[in-house]
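The structure appears right after this line, and notes come after that.
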Amino acid sequence: MNTVVEPIKISDSEWEVMRVIWTKGKTDAKTINDLLSSFKGWKLATTKTLLGRLVKKDILQTEQSGKKFVYSAKVSEEETVRSATENIFSHICAKRVGSTITDMVAEAELTQEDIDNIQMVLQEKAPVSEVTCNCIPGQCICKENEMEEKV
């Protein structure tokens, strides 16, 4: 039986909260707010709202410790990054994925180890002869060009 994995969708502010939780492992709202408030200008109520949304999305779990709640991640940072990447690629023409990856590599600060790892993956990658456009007609120029060629 094939199970469809739901994409992990979180807002930019929720990412900020999750990065603290992934780093800390388990933490409470006040600790998160203390770390982020000077950079984000958030009040404790804002942080608690974001935590509530993440719990509702089933991304965080809570346990009560005395009078406070302690939060921990139900999904890993790696899973979330992978899901976000897949989401980006699902919104662009399949023929543009390669150039998008090229742009991302060109813009990123990379260590020699990062570059070596990318080169190793590329050496092991089997190329395809052609990438097929996956867009609905009108979403990119590929289908328009195909239609013009048929006329």
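None of the figures in this text is laboratory data; all of them are computed from the coordinates on show. For clarity, every value in this text was computed on a predicted model and none was experimentally measured. Here the Cβ is made from the backbone with ideal geometry for all residues, glycine too, and neighbour counts use every protein chain on show.
Worth pointing out:
- Angle between the chain longest axis and helix 12-24 axis [Cα atoms, degrees, rounded to 10]: 60 degrees
- Cα-based reach from Lys125 at 20 Å (exclusive), listing lysines while leaving out same-chain residues under 8 positions away: Lys95
- Binned Cα-Cα distance frequencies in region 94-150 - 10 Å width, integer %: 19, 37, 25, 16, 3
- Surrounding net charge for Thr49, when Lys and Arg each add one and Asp and Glu each subtract one, Cβ distance under 11 Å: +3
- Counted by neighbouring Cβ atoms within 10 Å, the residues Trp22, Trp42 run from fewest to most as Trp22, Trp42.
- Stokes-Einstein D (µm²/s) once Rh is taken as the Kirkwood radius of region 39-151 over alpha-carbon pairs, at 20 °C in 1.002 mPa s: 114 µm²/s
- Based on Cα atoms of region 1-91, Rg over Rh with Rh as the Kirkwood radius reads 1.01.
- Across the chain, the longest run free of exposed loop sites, meaning GluC sites (Glu not before Pro) lying outside DSSP classes H, G, I, E and B with no more than 13 other Cβ atoms within 10 Å, spans 1-108.
- Each Lys and Arg contributes +1 and each Asp and Glu -1, all at the Cβ; summed about the Cα centre of region 1-79, the dipole is approximately 440 debye.
- Vicinal HN-Hα couplings computed from phi for region 37-46 (Karplus, 6.51 cos²θ - 1.76 cosθ + 1.60; Hz; Gly/Pro x): 4, 5, 8, 9, x, 7, 8, 4, 4, 5
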